[in-house]
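Data first, discussion second: the structure below is written as structure tokens.
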Amino acid sequence: MEEQHTNKAHWADEIADRVIFEKGSRDGKELYTCASGITPSGTVHIGNFREIISVELVVRALRDKGKKVRFIYSWDDYDVFRKVPQNMPNQEMLAKYLRYPITMVPDPWNRDTSYARHHEAEVESVLPLVGINPEYLYQAANYQASKYAEGMRRALEHREDLKKILDKFRDEEHKIQGEWWPVSVFCSACNKDETDIDGWDGQWGLTYHCNACGHKETVDLRSTKIAKLVWRVDWPMRWAYEKVDFEPAGKEHHSSGGSFDTARHVCKDVYGFEAPVTFRYDFIGLKGTPGKMSSSKGKVVDLPDVLKIYTPEVTRYLFAGTRPNTEFTISFDLDVIKIYEDYDKTERIAWKIEPAKNEETYLREKRIYELSQPQTSEDGRTMPLAVMPYQVPFRHLCNLIQIADGDIDKALASLAETADGPSPQQLPKLRARAECAKYWVQECAPEEFRFKLKAAGAEPGADLTEAEKTAVRSLRDEVISVIENFNDDKSCAEAIYGIAAKCGIDGKALFRAAYQALIGKDQGPRLANFLRSISKERLLGILEKF
């Protein structure tokens, strides 16, 4: 591919330009900080992934413009364990730790140091597969290392200001009533957050009592490991602490008077820092959820689930090709075939194998394709591929794998035997697509899409008429026996229709008979292509008893 352009053909480039203009154009800023984060209170699902990849796309756009970027991902793992998700094991054990910080909840799988760490590790292990490598920040560790002591004291100093900011967007019924504190405490005796603040000495001392166990003490904010800011203050405090220039948020946070509005005011009025550039991203729907992944009640679809069906570059394409404020659906049904077709078309346009409608379309499709690739250069910029991947339509690849009885090596070998087969450089990506195709056809595809070739010497179907058996026999002797003579599907299809006319039956009847003879179904893949994809010897062996 040609060297990429840093144009405005993509929304990520538009946002990057906005970040540079609003945060750096006036003072020659050298380093931009882009942030994302989530609470690991359960499975981090594909909807959560939309935020982190949206940030990563802007990070890459900034780097493509020659900017240095710090890309941070905050694990809000000092949050309260409020509810046991239905898809977790050891429910009774987990229920004993409700109201604890999630870093103190044991891992129900007995693999990691805590419940929180288990979910963090799951995400951290898979994000590199899609080219995402942020710097991880662990908020429990940061609070317990007293990094935010100054931030907590400042919030306490501005307690009344914070109340006014939080109440500004609330109606009378929902305004803060009675005494309110911007800091919360986990009891040092029983670990629960069922505590009330009794007072603050105006310096570093904070006194609390626990409603669960009765414990009472005064802690020093400079050394305590049990205090933290409430979320609507914690978020903007960390913007100021980390000097965040860009962070998006979901539509619920961006609603009028929502948490982003209050955080913007807190950040500026209390911490003296302008809130980051942002945008609103929308929800993601699911269609045709795979059977195995929806069997347990409450199970959500996460990134590893998606990567079983979509290769890393196609997974990225789903997000890079859609504006963040647009709701879209991730499909696991027959739409999967169309999504792969769309990606392949974008790839052909990017490589100028297929002409684009105009220059604007070319630049847009090329940029989407660049941002869909997981690999980057050492400095994090978009890195063009050296060789165009070998394209085989997903539908056809599914058929080849089923013809090969699920053996990917055999399926790929059948492609390698063709004149324009894949090169060694193209095989890794082709194999990755084949793995996805195999999983999809076995676990997600509708029953009518699946098939299995009959064994050699199979008996003719009992429900075929004599005329249909005669037609299948003619198909075997006059088309299949010379299948190598057909250079394309069109000429083969014409020969098939010729057999139907000769035998006095319509084409549909012959197709049904052929499918019944070969796979025991009334329907199957396009017959001409299907026959040309199977070895002549295997076809003749299946039909030898006709």
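The values are calculated or read from the model by the stated rules, or taken from the named source; none is laboratory data. None of these values were measured; they are calculated from a predicted model. Cβ sites come from the backbone with ideal geometry, for glycine too, and all protein chains shown count toward neighbours. Just the protein is used for accessible areas: all its heavy atoms, side chains included, with ligands, DNA and RNA removed. Shrake-Rupley method; radii C 1.70, N 1.55, O 1.52, S 1.80 Å.
Specify which residue in the list LEU221, GLY258, ILE165 is farthest towards the positive end of the charge dipole of the chain, using unit charges on the beta carbon of Lys, Arg (+1) and Asp, Glu (-1), about the Cα centre.
It is GLY258, whose Cα lies furthest towards the positive end.
Quick one: if the Förster radius is 51 Å, what FRET efficiency do PHE21 and THR418 give, using the C-beta to C-beta distance and rounding to 0.05?
Numbers: r = 52 Å, r/R0 = 1.01.
Approximately 0.50, to the nearest 0.05.
Return the distance in nm (one decimal) between the two label points of a simple spin-label model at GLN425 and GLN177, each offset 7 Å from Cα along Cα→Cβ.
Rounded to a tenth, the inter-label distance reads 7.0 nm.
In debye, nearest 20: dipole of region 405-546 around its Cα centre with unit charges on the Cβ of K, R (+) and D, E (-)? Provide the component values of the computation, followed by the final result.
On the way: 21 positive and 23 negative charges, 28 e Å.
I would put it at about 140 debye.
Starting from the Cα coordinates of the chain, work out the convex hull volume and express it per residue in Å³. Working shown, then result.
Numbers: hull volume 104.4 nm³, N = 546.
Taking only Cα atoms, the chain has a hull volume of 191 Å³ per residue.
Mind checking which of THR113, GLY457, TRP351 is farthest towards the positive end of the chain's charge dipole, using Cβ charges of +1 (Lys, Arg) and -1 (Asp, Glu) about the Cα centre?
GLY457
Per residue, how large is the accessible surface of the chain? Use a 1.4 angstrom probe and give square angstrom.
45 Å²
What is the count of Lys pairs in region 386-526 whose alpha carbons sit under 17 Å apart, if the two are 8 or more places apart or on different chains?
13
Using a 1.4 Å probe on the protein heavy atoms, what percent of the accessible area of the chain belongs to carbon and sulfur?
48 percent
Report the calculated FRET efficiency for GLU274 and ASP220 (r = Cβ-Cβ distance, R0 = 45 Å), to the nearest 0.05. List each step's numbers first, then the result.
Working: r = 31 Å, r/R0 = 0.70.
E between GLU274 and ASP220, to the nearest 0.05, is 0.90.
Note the angle between two axes, namely the Cα long axis of helix 11-23 and the longest principal axis of the Cα atoms of the chain, as a number of degrees from 0 to 90, rounded to the nearest 10.
Tilt relative to the chain: about 20 degrees.
Cα centroid distance between region 125-154 and region 451-468, in Å?
63 Å
Can you tell me how much longer the chain between ASP405 and HIS209 gets when fully stretched, taken as 0.36 nm per residue apart minus their C-alpha distance, in nm with one decimal? Walk me through the numbers before you get to the answer.
On the way: separation 196, 0.36 × 196 = 70.56 nm, distance 6.65 nm.
Fully extending the segment from ASP405 to HIS209 adds 63.9 nm.
Of SER41, ALA141, SER54, whose Cα points farthest to the positive end of the dipole of region 40-191 (charges on the beta-carbon: +1 Lys, Arg; -1 Asp, Glu; origin at the Cα centre)?
Farthest towards the positive end: SER54.
Rounding to the nearest 20 debye, state how big the charge dipole of region 85-150 is about its Cα centre with +1 on each Lys and Arg Cβ and -1 on each Asp and Glu Cβ.
Numbers: 5 positive and 8 negative charges, 45 e Å.
Here region 85-150 has a charge dipole of around 220 debye.
Of all GluC sites (Glu not before Pro) in region 367-470, which ones are in loop regions per DSSP and have a Cβ with at most 13 other Cβ atoms within 10 Å?
On the way: sites: GLU370, GLU378, GLU417, GLU435, GLU443, GLU447, GLU448, GLU466, GLU468; in loops: GLU378, GLU417.
Of the GluC sites (Glu not before Pro), the ones in loops of region 367-470 whose Cβ has at most 13 other Cβ atoms within 10 Å are GLU378, GLU417.
What FRET efficiency comes out for SER535 versus LEU31 if R0 is 56 angstrom and r is the Cβ-Cβ distance? Round to the nearest 0.05. Don't jump to the answer; show the numbers that get you there.
Numbers: r = 60 Å, r/R0 = 1.07.
FRET efficiency, SER535 to LEU31: 0.40.
Measuring from label point to label point, each 7 Å out along Cα→Cβ, what is the SER125 to SER256 span in nm?
Placing both labels 7 Å beyond Cα along the Cβ direction yields 4.7 nm.
What full-extension length gain, to one decimal in nm, is calculated for GLU435 and GLN86 as 0.36 nm per residue of separation minus the Cα-Cα distance? List each step's numbers first, then the result.
Working: separation 349, 0.36 × 349 = 125.64 nm, distance 3.01 nm.
Stretched out fully, the GLU435 to GLN86 stretch lengthens by 122.6 nm.
Taking 0.36 nm per residue of sequence separation and subtracting the Cα-Cα distance, how much length would be gained by fully extending the chain between TYR497 and LYS352, in nm to one decimal? Present the calculation step by step, with values, prior to reporting the outcome.
Working: separation 145, 0.36 × 145 = 52.20 nm, distance 3.66 nm.
So the chain would gain 48.5 nm between TYR497 and LYS352.
Using the Cα centre as the reference, give the magnitude of the dipole from point charges on the C-beta atoms of region 47-92 (Lys, Arg: +1; Asp, Glu: -1; all else neutral), rounded to the nearest 20 debye.
Values: 9 positive and 7 negative charges, 97 e Å.
That gives a dipole near 460 debye.
Only Cα pairs under 8 Å and at least 6 apart count here; give the relative contact order of the chain as a rounded whole percent.
Working: 839 pairs, mean separation 69.7, N = 546.
Answer for the chain is 13 percent.
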